[in-house]
Amino acid sequence: VVPANHPVKNVKELVAWAKANPDKSNYGSSSPAFTIASELFKLKTGMPAVAIPYKGSNESNLSVVAGQSTFTISDGPPAIPLVHGGKTRALAVTGAVRSPELPDVPSMAEVGYPEVNTQLWSGFLVPVGTPDPVVAKLTKELGRALADPGVQAGLKKMAVTPGGPTGEAFKKLIDADIKTFADVVAAAKLKFEQ
């Protein structure tokens, strides 16, 4: 998202604006996850932008509203109301597909940056060595819980889409994300406090 009154109307214009105004280009970041997503965006577009750290997504979004940050990549709950309220302008979502909460906002793939594909996800993990029947039962029960209309409605309020891979496919997703984000951290020379 960018400030509602910013002259850019789409991602390519943001990249061009940042390249033309490198001394003014910055982004609000509320956590390592959003710093990594922003740095991936910078690496894939070649745009300059200095990180401004904030304690949370609410603060990073409000920094955009106030014009202190050029843009922020954020989770949905603090960003979506500001977009709907006309305080910020959403340029793209970083997932591979559009968000149901912002159906008119294109994905990064749609605007020409398919490699800027980052999604926050949560998962259920068990200790190594958990017996297969226990894993199968937990997977089945979690699937049933996620299919519950009340659970889905509660997750939707948080801009969360329930579901996703399980078992070996989930492990592959984790391994791929670790590789992608480790490469971004190394390329951007990022350091995080522990």
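On inspection, D132 passes the criterion of being over 30 Å from V65 (Cα atoms) and among the charged types (D, E, K, R). Residue pairs whose Cβ atoms lie under 7 Å apart, sitting 6 or more positions apart in sequence or on different chains, and linking a residue in the range 148-165 that is farther than 12 Å from P100 by Cβ to a partner that is open to solvent by 100 Å² or more (accessible area, probe 1.4 Å) and not acidic (D, E), are G164/W121. Among residues belonging to the range 87-96 that are free of Cβ contacts under 8 Å to residues at least 40 places away in the same chain and open to solvent by 20 Å² or more (accessible area, probe 1.4 Å), point out the one that is nearest to F34 (Cα to Cα). It comes out as V93.
The single condition from (1) more than 16 Å from the chain's Cα centre (by Cα); (2) touching a residue at least 12 places away in the same chain (Cβ under 8 Å); (3) open to solvent by 20 Å² or more (accessible area, probe 1.4 Å) that H84 fails is (2). Residue check: is M108 in contact with a strand residue (DSSP E or B) (Cβ under 9 Å, 6 or more places away or on another chain), at negative phi, hydrophobic (A, V, I, L, M, F, W, C) and in contact (Cβ under 8 Å) with a residue 40 or more places away in the chain? Yes.
Each row is one residue, and each column tells you yes or no for (1) in contact with a helix residue (DSSP H, G or I) (Cβ under 8 Å, 6 or more places away or on another chain); (2) in contact (Cβ under 8 Å) with a residue 60 or more places away in the chain; (3) under 17 Å from T118 (Cβ atoms).
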| position | (1), (2), (3) |
| --- | --- |
| S30 | yes, no, yes |
| S38 | no, no, yes |
| K44 | no, yes, yes |
| M47 | yes, no, yes |
| V50 | no, no, no |
| S60 | yes, no, yes |
| T70 | yes, yes, no |
| D75 | yes, yes, yes |
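Those residues that are among the polar types (S, T, N, Q) and within 24 Å of K87 (Cβ to Cβ), I need them from the range 38-63; list them, please. If the condition is that a residue be among the polar types (S, T, N, Q) and within 24 Å of K87 (Cβ to Cβ), then S38, S57, N58, S60, N61, S63 are the ones that fit.
The values are calculated or read from the model by the stated rules, or taken from the named source; none is laboratory data. Since this is a predicted model, take the numbers as computed values, not measurements. Methodologically, a virtual Cβ is constructed for each residue, glycine included, from the backbone with ideal geometry; neighbour enumeration extends over all protein chains shown. Accessible surface areas use protein heavy atoms only, side chains included; no ligands, DNA or RNA. Shrake-Rupley method; radii C 1.70, N 1.55, O 1.52, S 1.80 Å.
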